[in-house]
Amino acid sequence: MDILGIETSCDETSVAVVRDGRRTLFHRVFSQTEIHRPYDGVVPELSARAHLERLNPMLDEVERSGIALGGVDAFAVTNRPGLVGSLITGVAAAKALAWFFGKPLVGVNHVLAHLYACFLDAERVPEFPFAGLVVSGGHTLLMTLRSWSDVTVEGRTVDDAAGEAFDKASRILGLGYPGGPEIDRLAEAGDAEAVAFPEITMYNKRRDNLDFSYSGLKTALLFRMRERPETRKEDAAAAFRKVAVSVLKRKAMRLCERRGLRRLVVAGGVAANSLLRRMFSEPGPVEVFLVPRELAGDNAAMVAGLAYHRLLAGGVDGPDLNASAENDLEVAEGGRRR
Ligand code: KG4
Ligand code: ZN
C-alpha cells in the first residue's frame, strides 16, 4: 500500500510516498531556514506562505518521478501539533487530493511521526512495548508506547523544549539560527569541564520525576556570559550541551527502568546532536533505536509511514479533519495540559 504524506507543521515543507510503512519511494524536504534566518526564529506567517508556495511544485515532482498521484492508496498529513497557519496548508492540500482521487485521508500526530522515522527503511525495528523520547524544537516528551494507538505520556518539559533551549543558547552566544547545529559544532571544539553548570534541567530531583526543565540552564548560560565574558564560547557551548543531553539520557533510562522497558526510540531534530548520538549509542541494558540523522528533523516520510498503521487500524478521517496547535497526546492526559 502506497501512502503519500505531507508535512507542513513548522519550517519544513515535505512530501513523501512510502510503501507499506517501510519503503520510501519518494521523499523531498524543503527547509525554510533561509527564510527565517534574518529573524532568528520561525515567523509563522512567513512559514505558512512558504508552504503554500512549495507544496504544489513538490506534488508535481512526485508525478515527474513516475508516481501518479491518483495511483497512491491514501493521503496522509500532519494535522497536529504545530503552527496552525502552517498545518492548515498541508491539511487543505491532503483533503483536496483525497477528495479528488476518492482515496482515504489520514491525519497524523507530528510527535508520534517523529518516532516513526526510526522504522523507515530500517533493517532492525523495535517491537512494542518501547519507550519513546522525542526531542525537537517544540517538544520534549517521554512516552511509553504499547502500540501506535496506546501511548502514555510519562514526562515532558515544564518550560522550554530541548531544541528551543539550544536555539536560545545560540542567541545568547551570538551564534546563528537554528541554534542546535551551531552549538553542536562549536561544542565539538570546547571543553565541557571548563564551565560548571548545575543540572538544573533535572526538574525536581525526586527519583520518580520524569519531567524536564530547560529555562534555568539557559539563564545560567546567560549569567555566566554576562558575568564572565572572557569565557570561551566553545567551552560554554560544550558545557551547555553536556547538561542538556545528559538529562535526556538519565530520564529516558529512568523511565525504562520504572516500566521494565527494554527498548528505547529516540527521535526529533535534537536527536541529530553529536553528543546525544554518542551518549545514546553507549552499550547498556536498554536497546536504543536512534533516528538516522537525516530523518531527525521534520519530514513527510515519517508521516506517510505512521499513517499506514493508522489506516490498518481503521483510522480514516473525514473532510472535517482540522489543524490543531495542541498535542492530543498531552491533552488526553486528564488536566495535565500545559
Ligand atoms: O524536529 P524539528 O526539525 O522541528 C520541530 O518539530 O520542532 O527540530 C528542530 C530543532 C531546532 O530547535 C534545532 O535547533 C534542533 O532541532 N537541532 C539540534 C541539532 N540539529 C537540530 N539541536 C541540537 N543539536 C543539533 N545538532
Ligand atoms: Zn518536528
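One residue stands out in region 113-138 among those that are within 16 Å of ligand 1 (Cβ to nearest atom) and part of a helix (DSSP H, G or I): the one that is surrounded by the most Cβ atoms within 10 Å (Cβ to Cβ), namely His114. If the condition is being more than 9 Å from ligand 1 (Cβ to nearest atom) and assigned to a strand (DSSP E or B), then region 251-298 contributes Arg263, Leu264, Val265, Val266, Glu287, Val288, Phe289, Leu290. Looking only at region 58-74, decide whether some residue is under 21 Å from the mean Cα position of the chain (by Cα) and either among the charged types (D, E, K, R) or under 16 Å from Asn299 (Cα atoms) (or both). Taking every residue of region 58-74 in turn, none turns out to be under 21 Å from the mean Cα position of the chain (by Cα) and either among the charged types (D, E, K, R) or under 16 Å from Asn299 (Cα atoms) (or both). Would you confirm whether or not region 249-266 contains a residue that is within 15 Å of ligand 2 (Cβ to nearest atom), touching a helix residue (DSSP H, G or I) at 6+ places or on another chain (Cβ under 6 Å) and farther than 23 Å from Thr201 by Cα? Checked region 249-266: no residue is within 15 Å of ligand 2 (Cβ to nearest atom), touching a helix residue (DSSP H, G or I) at 6+ places or on another chain (Cβ under 6 Å) and farther than 23 Å from Thr201 by Cα. The requirement of being touching a Cys at 6+ places or on another chain (Cβ under 6 Å) and more than 16 Å from ligand 1 (Cβ to nearest atom) is not satisfied by Ala196. Counting just the residues of region 175-194 that are part of a loop (DSSP other than H, G, I, E, B) and at pLDDT 95 or above, which one comes out surrounded by the most Cβ atoms within 10 Å (Cβ to Cβ)? Result: Gly190.
If you check Val151 against the conditions, is it within 14 Å of ligand 1 (Cβ to nearest atom), under 17 Å from the mean Cα position of the chain (by Cα), touching a residue at least 40 places away in the same chain (Cβ under 8 Å) and part of a strand (DSSP E or B)? If you could, list the steps in order and put the result at the bottom.
Working: within 14 Å of ligand 1 (Cβ to nearest atom): no; under 17 Å from the mean Cα position of the chain (by Cα): yes; touching a residue at least 40 places away in the same chain (Cβ under 8 Å): yes; part of a strand (DSSP E or B): yes.
So Val151 fails the test.
Need at least 2 residues that are away from ligand 1 (no atom under 16 Å from the Cβ) and buried (at least 19 other Cβ atoms within 10 Å of the Cβ) per element, so show me which helices (runs of 4 or more DSSP H) inside region 1-112 make the cut, counting only ones lying wholly within it. The qualifying helices (runs of 4 or more DSSP H) are 44-64, 84-101.
The values are calculated or read from the model by the stated rules, or taken from the named source; none is laboratory data. The structure displayed is predicted, hence computed values, not measured ones. A quick note on method: Cβ atoms are made from the backbone with ideal geometry, for glycine too, and the neighbour counts reach across all protein chains shown.
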